[in-house]
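> First the structure, which I've put down as structure tokens, then a few questions once you've had a look.
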Amino acid sequence: MRVLRALLVWMLLALPVSAQQTSPPVLIVDSERLFVETLYGQRIARDLAQMAEELQAENDRIVETLTLEERSLTVRRPDMPIEEFRIESEAFDQKVQEVRRVRDAKNVELQVATAEARSQFEQQVQGIVANIMLERGATMVMEQRNVVLSVRAANITDDAIVRIDAQLGDGSR
């Protein structure tokens with residue numbers, strides 16, 4: 001098996017440059033690089049990172065407030081009647097549970113926003129990749145992660161990044 005693989009690699013590398021220059025019927029694109037290296041993907045990543053930072057800052061403020069409230073209750077406990085302490089501690093527990101529920105919902109919102117932004121990016125980029133495919137006479141574009149071996153000319157990622165930046169910019173237009 002190794003000998004066969006080595007022979008196949010040698011044959012691909014030994015192809016004349018002109019044979020490698022013609023577009024293969026199947027092209028390859030690295031969609032992760034498209035997202036990370038285009039102006040549009042970078043803007044989305046910045047926007048999502050800002051949303052995550054704001055959510056984390058809000059979480060930190062809430063934790064600080066709850067911590068102070070818990071300390072106050074703990075410090076006042078020895079001087080409080082048991083029933084009054086029980087009522088306040090139950091109210092505090094309910095407050096913590098409600099805060100946790102709201103925080104979990106906001107985390108889900110961020111995850112949904114991330115998935116939607118990525119999906120919108122992919123929809124916008126798909127037409128550009130399709131145009132490259134048609135221009136090169138290819139019949140299919142495969143994701144880089146699914147390719148075991150290919151000639152360099154089959155990978156259109158660099159060209160797609162240039163076109164996405166030229167046509168979509170940072171996607172805010």
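> What number of residues within the stretch 102-127 are open to solvent by 40 Å² or more (accessible area, probe 1.4 Å), in contact with a helix residue (DSSP H, G or I) (Cβ under 8 Å, 6 or more places away or on another chain) and closer than 14 Å to Leu34 by Cα?
Total satisfying the criteria: 3.
> Moving on. Which pairs have Cβ atoms under 7 Å, sit 6 or more apart or on different chains, and link a residue in the stretch 70-99 that is within 26 Å of Asn59 (Cα to Cα) to one that is open to solvent by 90 Å² or more (accessible area, probe 1.4 Å) and part of a helix (DSSP H, G or I)?
Phe92/Glu70
> For the subset of the stretch 128-144 comprising residues that are surrounded by 11 or more Cβ atoms within 10 Å (Cβ to Cβ) and part of a helix (DSSP H, G or I), which member is modelled with the lowest pLDDT?
So, considering only residues that are surrounded by 11 or more Cβ atoms within 10 Å (Cβ to Cβ) and part of a helix (DSSP H, G or I), the one modelled with the lowest pLDDT is Gln144.
> Could you run through the stretch 145-163 and say how many residues are of a type outside the set (Val, Ile, Thr), open to solvent by 40 Å² or more (accessible area, probe 1.4 Å), assigned to a helix (DSSP H, G or I) and out of contact with any helix residue (DSSP H, G or I) (no Cβ under 7 Å at 6 or more places or on another chain)? Please lay out each step first, then the result.
Here is the first cut: in the stretch 145-163, the residues of a type outside the set (Val, Ile, Thr) are 145-146, 149-150, 152-155, 158-160, 163.
In the following step, the residues that additionally are open to solvent by 40 Å² or more (accessible area, probe 1.4 Å) were identified as 145-146, 149-150, 152, 155, 158-159, 163.
Now restrict to residues that are assigned to a helix (DSSP H, G or I): 145-146, 152, 158-159, 163.
From what's left, out of contact with any helix residue (DSSP H, G or I) (no Cβ under 7 Å at 6 or more places or on another chain): 145-146, 158.
The number of residues fulfilling the criteria is 3.
> Right, another one. With the condition kept exactly as written, say whether any residue in the stretch 39-59 is modelled with pLDDT of 95 or more, surrounded by 12 or more Cβ atoms within 10 Å (Cβ to Cβ) and in a loop (DSSP other than H, G, I, E, B).
No - not one qualifying residue is present in the stretch 39-59.
The values are calculated or read from the model by the stated rules, or taken from the named source; none is laboratory data. No experiment lies behind these values; they were computed from the predicted model shown. Using ideal geometry, Cβ is built from the backbone for each residue, glycine included, and neighbour counts are taken over all protein chains shown. Areas reflect the complete protein model, heavy atoms only, side chains present, ligands, DNA and RNA absent. Shrake-Rupley method; radii C 1.70, N 1.55, O 1.52, S 1.80 Å.
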